[in-house]
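Worksheet: one structure, shown below.
The values are calculated or read from the model by the stated rules, or taken from the named source; none is laboratory data. Computed from a predicted model, the values in this text were never measured in an experiment. Cβ placement follows ideal geometry from the backbone for every residue including glycine, while neighbour counts extend to all protein chains displayed. For accessibility, only protein heavy atoms count, side chains too; no ligands or nucleic acids. Shrake-Rupley method; radii C 1.70, N 1.55, O 1.52, S 1.80 Å.
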Amino acid sequence: MTLLLNKCEHYARKLHEDVVYGGGLNMMDQVKGTVALIAKHSRLTGEDKETALAAAYLHKCFEPKRIKEGVAPLTMEQVEQIAGAKVRSVVEELSTEPETETLSKVEQWKEKADWAQKLSPAAQEILLAEKVLNFEVSRDRPNPKKPLTWHKEYFETRMLMVDKIKDTNPELYRVATQTRDQALVKINALLAKQSGHDGR
């Protein structure tokens, strides 16, 4: 691992270690998983790939709800001091994700998909890798507080973004769709069982 990546991992641990959310996913595990998927599947090479990996370590550094209590999110100026201008550029792109709460879920994710389509390849690879991990959690450890229909909608809406940026990395897209399909088989089986039980 390069000095840059070591430094970014160090800051990621300071921000995310022991933070848990959603279906019980540890934030640092998500960060490391995102990095690992990009390391394995990235179409980028050389300095561009290192930039994507470094940005993957810091891609949640600005979100208070993903950061330890009492620890301040990083500013973009701090990201640049830690990792340089190229990494800052990718992290800054990701920080502009639209959050229009007045829209329906489908419309929100259509908006996010249009936004994602305009990002750099490094930022798009991070989003694809992140969705793969989210899909794995929904497949293996679905949030028990959410109804099964919510999980189906989750995949439908997130795939709006994944489909829009699939060309940036066909292999990550393949893994994302495969994971989605596996999860839907489980969900549909549970829904059928639930429906059969209710009908008796």
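Structure data summary
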item: Members of the range 153-196 that are under 19 Å from the mean Cα position of the chain (by Cα) and open to solvent by 60 Å² or more (accessible area, probe 1.4 Å); result: Glu153, Glu156, Asp163, Lys164, Lys166, Asp167, Pro170, Glu171, Arg174, Gln178, Asp181, Gln182
item: The range 153-176 residues that are over 14 Å from His41 (Cβ atoms), paired with ones that are crowded, with 22+ Cβ neighbours inside 10 Å and hydroxyl-bearing (Ser, Thr, Tyr) (beta carbon under 6 Å, 6 or more apart); result: none
item: Residue satisfying all of: in the range 18-48; under 15 Å from Cys61 (Cα atoms) and in a loop (DSSP other than H, G, I, E, B); most open to solvent (accessible area, probe 1.4 Å) among these; result: Asp18
item: Residue within the range 117-127 that is within 18 Å of Asp181 (Cβ to Cβ), under 13 Å from the mean Cα position of the chain (by Cα), touching a residue at least 60 places away in the same chain (Cβ under 8 Å) and assigned to a helix (DSSP H, G or I) present; result: no
item: Scan of the range 78-92 for residues that are loosely packed, with under 14 Cβ neighbours inside 10 Å and either touching a Lys or Arg at 6+ places or on another chain (Cβ under 8 Å) or under 23 Å from Ala116 (Cβ atoms) (or both), ordered by number; result: Ala85
item: Of all residues making up the range 110-122, the number that are open to solvent by 20 Å² or more (accessible area, probe 1.4 Å) and within 10 Å of Met161 (Cβ to Cβ); result: 5
item: Hits in the range 129-152 (condition: open to solvent by 20 Å² or more (accessible area, probe 1.4 Å), part of a helix (DSSP H, G or I), under 18 Å from Gln30 (Cβ atoms) and in contact with a helix residue (DSSP H, G or I) (Cβ under 6 Å, 6 or more places away or on another chain)); result: Leu133, Glu136, Arg139
